[in-house]
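Asks: Can you keep this structure in mind? I'll have questions shortly.
Just so it is clear, none of the values below were taken in a lab; they were calculated from the coordinates. Not measured: the values here are computed from a predicted model. Backbone-built Cβ (ideal geometry, glycine too); neighbour counts: all protein chains shown.
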Ligand code: UD1
Ligand code: MG
């Protein structure tokens, strides 16, 4: 006896009015369909089939190698989608078929497991998952008989005014007896408002054939379906809430969790402080005591303990311990800020190492450069790394004082302990301990202001 799983992801997604397939819209950085496949995988099905539309390359691209995609040529409804999947599944006696739509990403593996247990315990031919919703608009309604047994599901569009008052909705998730499902699904007709083969009709068919039908009731949140942009945003908010609650339970502080956006792939240590407007994405890790935000966007980066990052954008960078970033810094791929360093106000760093304790406090561009330990890069300093054809590197030694408004024209090197005079355009090597200065001598014209005024007054 084994579980064989089918995930339905071939729908048109018309109501989304999106330019990408519905089921790959991301929630906490992960395509919707992968949340569903993740929950399904915990039931350890021996086979998982995903129903996709023809030419659904974008959907196929996100699917793990462990699942089998199968194409539903025409979108004739959910029952037809299951039929297409069953064509590639070999069912052995006693097998159970789990069917989950790819647009209910909040369903948990616990609920799926409990449904499987109920299904087995009651010896049912079909078990659906239901919930009571305050606003059941759009969902199929569960019609029960006088003994509270599930009779059938009626789709919103087909429901009478009375049936629409039913608050119990169908989650679209089912466990079926593998010995019966193939036959039952073939008996589904399309005599309904949408002219589609409705999968929920299978329950009524099995019931009429004298088999028992069960329903596992869960909370409404888990069964939220994503059919519109509005529902996508609501589901994303619930997902965010789940993720943030988990991090807070493990010791992460959030001033306002409703304004913190953490991808499911991120790793945070206890003692991380997150202010509002923080987006942490991809493979980012943040160490204990780091203070992030307000308003920070970090992607695929490593943030060391005690670092302080505010009002800044960081992509594919490494930030050491007690580093200070921002406000208004942009750290681009390959920026490596070693322990105790700083990239301050309006500073851009790309593909460069800023050494231990080195400071780039204001208004600077550091690209393809190495700034040695304890050096200070003055306000307005620019590494001119691009000559229109190639990029070149700048190497600044340790304990160097780069004066304000300096242009370091790469390739160029500045030795340890050197000074650069403010306003210089440095094109040649500055030796260790030397002063490099490139500036015309300052002149003084005394009495200038007085003569200037006289000229003006005399016309
Ligand atoms: C479906 C159920 C409804 C339930 C709701 C829960 C039907 C007829 N109705 O409605 O009772 O309350 O889910 O969210 O099943 N799909 C295919 N091929 C198709 C059509 C759909 O693969 O031909 C896939 C879609 O990609 C989607 C899933 O099946 O992931 C459900 O289809 P959708 O159109 O969203 O059905 P709902 O109207 O939400
Ligand atoms: Mg749906």
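Asks: Where does helix 109-122 land angle-wise versus the long Cα axis of the chain, in degrees 0 to 90, nearest 10?
Replies: 10
Asks: While we're here: Quick one: go through region 281-296 and flag any residue whose amide nitrogen is under 15 Å from the point 7 Å out along the Cα-to-Cβ line of residue 256.
Replies: Those under the cut-off are 293-296.
Asks: Taking the Cα centre of each part, how many Å lie between region 205-259 and region 350-374?
Replies: 45
Asks: Still on this structure, I have one more. Find the Rg to Rh ratio for region 1-137, where Rh is the Kirkwood radius over alpha-carbon pairs and Rg uses the same atoms.
Replies: 0.95
Asks: What whole number of Å gives the distance from the Cα centroid of region 61-119 to the Cα centroid of region 10-35?
Replies: Region 10-35 and region 61-119 have Cα centres spaced 17 Å from each other.
Asks: Measure off 7 Å from each Cα along the Cα-to-Cβ vector at residue 219 and residue 305, then give the distance between these two points in nanometres to one decimal.
Replies: Simple spin-label model gives 3.5 nm for this pair.
Asks: At what distance in nm do the modelled label points of residue 113 and residue 443 sit from each other, each positioned 7 Å from its Cα along Cα→Cβ?
Replies: Reported label-point gap for residue 113 and residue 443 is 8.5 nm.
Asks: Same structure again: Run the numbers on the chain and let me know its relative contact order in percent, using alpha-carbon pairs under 8 Å that are six or more apart.
Replies: 8
Asks: Once you put a point 7 Å from the Cα of residue 55 and another 7 Å from the Cα of residue 87, both along the Cβ direction, what distance in nm separates them?
Replies: For residue 55 paired with residue 87, the spin-label model returns 1.9 nm.
Asks: Taking a label point 7 Å from the Cα of residue 121 along the Cα→Cβ vector, which residues of region 209-235 have an amide N closer than 18 Å to it?
Replies: Residues 212-219 fall inside that zone.
Asks: Jot down the per residue volume, in cubic angstrom and as a whole number, of the convex hull over the alpha-carbon atoms of the chain.
Replies: Measuring per residue, one finds 231 Å³ for the Cα hull of the chain.
Asks: Which of rounded, prolate, oblate describes region 96-176, given a ≥ b ≥ c as roots of the alpha-carbon gyration tensor eigenvalues and a/c under 1.5 marking rounded, otherwise prolate only if a/b is larger than b/c?
Replies: Here region 96-176 falls in the oblate category.
Asks: What whole-number distance in Å separates the alpha-carbon centres of region 385-437 and region 292-332?
Replies: A separation of 26 Å, based on Cα centres.
Asks: Could you tell me whether region 143-206 comes out rounded, prolate or oblate from its Cα gyration tensor? Rule is a ≥ b ≥ c as square roots of the eigenvalues, rounded for a/c under 1.5, then prolate if a/b exceeds b/c, otherwise oblate.
Replies: Oblate, because a/c is 1.5 or more while a/b does not exceed b/c.
Asks: When Rg is the radius of gyration of the Cα atoms in region 265-312 and Rh is its Kirkwood radius, what does Rg/Rh come to?
Replies: Using Cα coordinates only, the ratio equals 0.91.
Asks: Oh, and also: Tell me, in nm to one decimal, what length is gained between residue 208 and residue 1 on full extension, where the rule is 0.36 nm per residue of separation less the Cα-Cα distance?
Replies: Result for the pair: 72.0 nm of gain on full extension.
Asks: At 222 nm, what helix-only mean residue ellipticity would the chain give, in deg cm²/dmol to the nearest 500, using -39500 (n - 2.57) for each DSSP H run of four or more?
Replies: Per the formula, -6000 deg cm²/dmol.
Asks: Also, quick follow-up: If you count the DSSP beta bridges with both ends in the chain, what percent of them are antiparallel, to the nearest 5?
Replies: So the antiparallel bridges in the chain amount to around 20 percent.
Asks: For residue 454 and residue 431, compute 0.36 nm times the residue count separating them, minus their Cα-Cα distance, and round to one decimal in nm.
Replies: 3.4 nm
Asks: Label region 297-361 by shape, choosing from rounded, prolate and oblate, from the square roots a ≥ b ≥ c of the eigenvalues of the Cα gyration tensor; if a/c is under 1.5 it is rounded, and otherwise prolate applies when a/b is larger than b/c, oblate when it is not.
Replies: Here region 297-361 falls in the rounded category.
Asks: By how many degrees, 0 to 90 and rounded to 10, does the Cα axis of helix 32-41 deviate from the longest principal axis of the chain?
Replies: Helix 32-41 and the main axis of the chain meet at about 60 degrees.
Asks: Please report the Cα spread of region 65-122 along all three principal axes, rounded to whole Å, starting with the longest.
Replies: Rounded to whole Å, the extents work out to 36, 31, 26 Å.
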